[in-house]
1. Is it the case that some residue within the stretch 57-72 is under 30 Å from Asp268 (Cβ atoms), of a type outside the set (Gly, Ala, Ser), in contact with a Ser or Thr (Cβ under 6 Å, 6 or more places away or on another chain) and without any contact (Cβ under 8 Å) to a residue 40 or more places away in the chain?
2. Could you list, in sequence order, all residues of the stretch 61-97 that are at pLDDT 90 or above and of a type in the set (Gly, Ala, Ser)?
3. With at pLDDT 95 or above and either surrounded by 21 or more Cβ atoms within 10 Å (Cβ to Cβ) or farther than 22 Å from Asn80 by Cα (or both) as the only criterion, which of Glu107, Glu146 stands out?
4. Considering only residues that are within 18 Å of Ala274 (Cβ to Cβ) and outside any helix (DSSP H, G or I), which ones fall in the stretch 13-27?
5. In the stretch 23-38, what residues are closer than 15 Å to Ser289 by Cα and among the β-branched types (Val, Ile, Thr)?
6. Of everything in the stretch 304-322 that's within 17 Å of Ala278 (Cβ to Cβ) and within 21 Å of the chain's Cα centre (by Cα), which residue is farthest from the ligand (Cβ to nearest atom)?
7. Kindly establish whether Glu40 is outside any helix (DSSP H, G or I) and acidic (Asp, Glu).
Amino acid sequence: MKAVLIPGDGIGKEISESAKQISAVLNTGIEWEEFHAGAEYFEQSGNLIEPGLIEAIEQDGIALKGPTATPIGKGFRSINVQLRQRFGTYANLRPVHSRIGVKSRYENVDLVVIRENSEDLYMGLEYKIGTDTAHGIKLITRQASERIARFAFEYARAHGRHLVTCVHKANIMKYTDGLFLEAFNHVAESYPDIAHNSVIVDAMTMKLVIDPTQFDVIVAPNLYGDILSDLCSGLVGGLGFAPSANIGDHQVIYEAVHGSAPDIAGKDLANPSALLLAMGMLLKDHGMSEKADALEHAVDEVIRKGEHTTRDIGGTAGTREFTDAVIAELEAAE
Ligand code: NAD
């Protein structure tokens, strides 16, 4: 099986090296087609994306992507947003699990954030009106809102989940979020076997911090979904353990939720777990559940033993030492 690998910027090279090594040890048989994209590639070549990358994702249908940096408030548009729009990856799936050995506020979190990935304020429809005013457009359609709601209920059904919660701010944004909520409630009627409710986004942040175990599957428009999924990753130990999948009808792009971490890039300090867990999602989706479980177990064992963990979770190991420890766990389990 062929899959595209995009190392990306900052810590991307280090963590994708870790993923390649572990893929080989797991004998996944994946032939990685490596392509460059991001701010560093732009500086070298004047292009954001290496020629051939788009065609390769189109053909392979699968990509594992490292983080790519986007300048704030100026310069080019986010590569992530461009890829999501190009491949119509309308659903962003972010599972959030507590991990044994990772110090966090909660020990029993098991929820999934499903973020609508194609519209809302992320369409880039913004412009300046003179020098002192700027205008951004929040676009919400019934079609995309129903599509993501259906995705959430189908996901819940397929994974034995019992509750889907819609997050919105329809009390204030009556037309946009009102439409999102209306579409959700309409779709919910077709899934009488799965409970559903809705929570206003500000109350949701408070409820998640007080007791995340009251939620199961959360579905939200693009911006709230982005913010809530980072919040949720903070509940279980931070961005170092948060994987995600950008899912379209024909292509899926797996990636870590975190960014390029410029503050620690190139120093062998990054925790590769989130990208490894994203590779685990890829393996599960392609008939390699046992290998995905072995990978998760090996990561958990390294964390539980605590001898080779990275600094973000209180250890002293670097990316390479952590990766070697995961490989040793995989080899010991064989
Ligand atoms: P970030 O996620 O890169 O970093 C936030 C903090 O978390 C930093 O202190 C960083 O050192 C730490 N961190 C992140 N990942 C880590 C890891 N694997 N191991 C250990 N520590 C880790 O967020 P940021 O600083 O806001 O963004 C940096 C750049 O990344 C920006 O250009 C942003 O646009 C981009 N970004 C890209 C993606 C993506 O490609 N999917 C996602 C988010 C941000």
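The values are calculated or read from the model by the stated rules, or taken from the named source; none is laboratory data. Just so it is clear, the structure is predicted and the values come from calculations on it, not from any experiment. Here Cβ is always computed from backbone atoms with ideal geometry, including for glycine, and neighbour counts include all displayed protein chains.
1. Yes, there is a match, as at least one residue in the stretch 57-72 is under 30 Å from Asp268 (Cβ atoms), of a type outside the set (Gly, Ala, Ser), in contact with a Ser or Thr (Cβ under 6 Å, 6 or more places away or on another chain) and without any contact (Cβ under 8 Å) to a residue 40 or more places away in the chain.
2. Gly61, Ala63, Gly66, Ala69, Gly88, Ala91
3. On the way: Glu107 fails: at pLDDT 95 or above.
So the residue among Glu107, Glu146 that is at pLDDT 95 or above and either surrounded by 21 or more Cβ atoms within 10 Å (Cβ to Cβ) or farther than 22 Å from Asn80 by Cα (or both) is Glu146.
4. Let us first name the residues in the stretch 13-27 that are within 18 Å of Ala274 (Cβ to Cβ), namely 13-23, 26.
Hit for the stretch 13-27 is Leu26, nothing else.
5. Going residue by residue through the stretch 23-38, those that are closer than 15 Å to Ser289 by Cα are 23, 26-30.
The answer is Thr28, Ile30.
6. Narrowing the stretch 304-322 to residues within 17 Å of Ala278 (Cβ to Cβ): 310, 312, 319, 322.
Still in the running and within 21 Å of the chain's Cα centre (by Cα): 310, 312, 319.
Numbers: Thr310: 6, Asp312: 4, Thr319: 8 Å.
Taking the candidates together, the pick is Thr319.
7. Numbers: outside any helix (DSSP H, G or I): no; acidic (Asp, Glu): yes.
No; evaluated as a whole, the condition is false for this residue.
Condition check ((1) away from the ligand (no atom under 16 Å from the Cβ); (2) surrounded by 21 or more Cβ atoms within 10 Å (Cβ to Cβ); (3) within 21 Å of Gln21 (Cβ to Cβ); (4) in contact (Cβ under 8 Å) with a residue 60 or more places away in the chain) across all residues:
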| site | (1), (2), (3), (4) |
| --- | --- |
| Thr213 | yes, no, no, yes |
| Pro221 | yes, yes, no, yes |
| Ser229 | no, yes, no, yes |
| His250 | yes, no, no, yes |
| Asp263 | no, no, no, no |
| Leu277 | no, yes, yes, no |
